[in-house]
2 protein chains.
Amino acid sequence: MGPTPETCGELLRPLRALMGLKQVALQRGLQLSDQVPYAAAGLLTELVHRGECRVSDLAHHRVVDASVVSRQVNQLEQAGLITRRPDPADRRVSLLRTTELGDRVVAELEQKKAEWIGEALVDWEDAKVRELARLLGDAMSDIRRHTIESGDHSDSGMREGTR
Amino acid sequence: MGPTPETCGELLRPLRALMGLKQVALQRGLQLSDQVPYAAAGLLTELVHRGECRVSDLAHHRVVDASVVSRQVNQLEQAGLITRRPDPADRRVSLLRTTELGDRVVAELEQKKAEWIGEALVDWEDAKVRELARLLGDAMSDIRRHTIESGDHSDSGMREGTR
DNA sequence: ATTTCAGTTGCGTGCTGCAACCAAGTGGTC
DNA sequence: GACCACTTGGTTGCAGCACGCAACTGAAAT
């Protein structure tokens, strides 16, 4: 069961291309302000879609270290895009929430991104794009699950991971 | 013509998720050796698929600065994965080519990646994965074209771009 | 009191772009 | 042909961002 190795190999090339475009496309004209260093913008977007949550939630969901989120949260807070309040039930945790400004800024950014993609895919039928979005969304869901599962074990003998 | 803004917006979420997984998934267990710093591995893979070409070709195709490619080429050369020879017709340019070792290493890596994806998408029908690969490949082709076109102009008044 | 957990900070590293630079080719003028 | 400016492919110095790990603080939980 499952796809053949060849089929999976076909996925590698566009995936690689997509990775490479991170720096380029999304960083070229698609920044928030000059202050928010782009990576934080992704976090902000996530927070908008998730609603109020804690730092560790974001870290887990984005599969990055908590320290990374912590720093980005600081940047966003200083920029007035989110607010932080201690959880009344557990004063260790900070509950994060976007400000009105943050919501607005994200909406603008998302729109700019969508426009940009629309320009790139101007020859596509709408249904085709929707199909791609659906497939990619499903794939990402499964891939992230697999990433987390196989990452938590970390027993595969392949220590010395990231750095 | 073209997809609706809403449809494009649907694409943003999985795209963002995919970006976030760069660090994680592909860096966890999918490194070449401990020497080749991962980004160079992508370049090597590209070189395998492209055949002998020059530094600037790779830079243009990956939409990165030539200096980046230059450094990665150095790393790959030191690792014995590629060779460099001056173009007889124009002694400024270096022609790059993968070594036999480089080819072998890339093949192994691609296989590992394909296996990994196969595990993540184990519940998928083969045809569905192929469909995703096709759509994503087409999309990336159009997106890169659009990136390069709108990037070369650089007239959009949005100077002070990348950094 | 000890342990555990959420979050923060110090530090080192990898990847990137820009600016400055070198070397080689191109085109003009004398 | 010789000499000059100009362009082009590539490299290196430098600075910036993003990240992970280790060490730490303060608040639960046991």
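Side notes on the structure shown:
- Pairwise centroid distance, computed over Cα atoms, of segment B:127-144 with segment B:77-115, Å: 26 Å
- Across the identical copies, how the B:E52 labels are spaced - nm, sorted shortest first, 7 Å along Cα→Cβ: 6.6
- Efficiency of FRET between A:E77 and B:D123 - r from beta-carbon atoms, R0 41 angstrom, step 0.05: 0.50
- Computed log₁₀ I(q)/I(0) - Debye formula, equal Cα scatterers, no solvent, the protein assembly as shown, q 0.08, 0.13 Å⁻¹: -0.41, -1.10
- Counting other Cβ atoms within 10 Å as a rough exposure proxy, the listed residues B:S67, B:S56, A:S150 run B:S67, B:S56, A:S150 from fewest neighbours to most.
- Per residue, the convex hull spanned by the Cα atoms of segment A:1-92 measures out at 144 cubic angstrom.
- Along segment B:102-107 the Karplus relation, 6.51 cos²θ - 1.76 cosθ + 1.60 evaluated at θ = phi - 60°, assigns HN-Hα couplings of x, 4, 4, 4, 5, 4 Hz to successive residues, with x for each Gly and Pro.
- Considering only B:L76, A:A127, A:H61, and ranking their Cα positions along the charge dipole of the protein assembly as shown that arises from unit charges at the beta-carbon of Lys, Arg, Asp and Glu, the one farthest toward the positive end is B:L76.
- Per-residue average of Cβ from other chains inside 10 Å of A:73-80: 0
- Over chain A, Cα pairs under 8 Å with separation of 6+ residues give a relative contact order of 19 percent.
- Calculated mean residue ellipticity, 222 nm, the protein assembly as shown: -22000 deg cm²/dmol, from DSSP H runs (n ≥ 4) at -39500 (n - 2.57) each, averaged per residue and rounded to 500.
- Calculated diffusion of chain A, Stokes-Einstein form, Kirkwood radius summed over Cα pairs, 25 °C and 0.890 mPa s, µm²/s: 134 µm²/s
- Site pair A:S70 and A:A107 shows an inter-label distance of 3.4 nm when each label is modelled 7 Å from Cα along Cα→Cβ.
- Taking packing as the residue-averaged number of other Cβ atoms within 10 angstrom, the listed peptides A:126-137, B:85-96 run from highest to lowest as A:126-137, B:85-96.
Just so you know, all these numbers are worked out from the coordinates, no wet-lab data involved. These figures come from a predicted structure and were not determined experimentally. All Cβ positions, even for glycine, are placed from backbone atoms using ideal geometry, and neighbour counts span all protein chains on display.
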